[in-house]
1. For the range 53-68, check the following and say yes or no: at least one residue is outside any loop (DSSP other than H, G, I, E, B), of a type outside the set (A, V, I, L, M) and at negative phi.
2. Has the range 10-27 got any residue that is among the basic types (Lys, Arg) and either assigned to a loop (DSSP other than H, G, I, E, B) or touching a helix residue (DSSP H, G or I) at 6+ places or on another chain (Cβ under 6 Å) (or both)?
Amino acid sequence: MRITVSAFATRQGVEYLEAQGLMNYLAARKIAVKCGTVKKVEGSRGKGSTLWEVPDSITLNMAEEITPAAPEVAPAPAIPEVIAA
């Protein structure tokens, strides 16, 4: 389903920040994916809400230990050697 965090919080009966935390966790586990934004009403301030693609049903195994992935490190840029004449 496609849903905003605000709509998800309302449906689940939780506070916005709790829903945002869960959505960030699901995104980190590649269960939820950002798929666009919802346009704001003309004249209102701020940016549009993020639209998330989330499965209708998921199962979380809380007992499974997850090894964090090693951070991706970009190789250091090559520094050209300067030869004194």
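Taken together, the values in this text are just the output of simple stated rules run on the coordinates, not laboratory data. For clarity, every value in this text was computed on a predicted model and none was experimentally measured. FYI the Cβ positions are ideal-geometry reconstructions off the backbone, even for glycines, and counts take in every protein chain you see.
1. Of all residues in the range 53-68, those outside any loop (DSSP other than H, G, I, E, B) come to 53.
Still in the list and also of a type outside the set (A, V, I, L, M): 53.
Next, from what is left, pick out any that are at negative phi: 53.
Yes - at least one qualifying residue is present in the range 53-68.
2. Looking only at the range 10-27, we keep the residues that are among the basic types (Lys, Arg), and these are 11.
Checking which are either assigned to a loop (DSSP other than H, G, I, E, B) or touching a helix residue (DSSP H, G or I) at 6+ places or on another chain (Cβ under 6 Å) (or both) leaves us with none.
So far as the range 10-27 goes, no, none of its residues is among the basic types (Lys, Arg) and either assigned to a loop (DSSP other than H, G, I, E, B) or touching a helix residue (DSSP H, G or I) at 6+ places or on another chain (Cβ under 6 Å) (or both).
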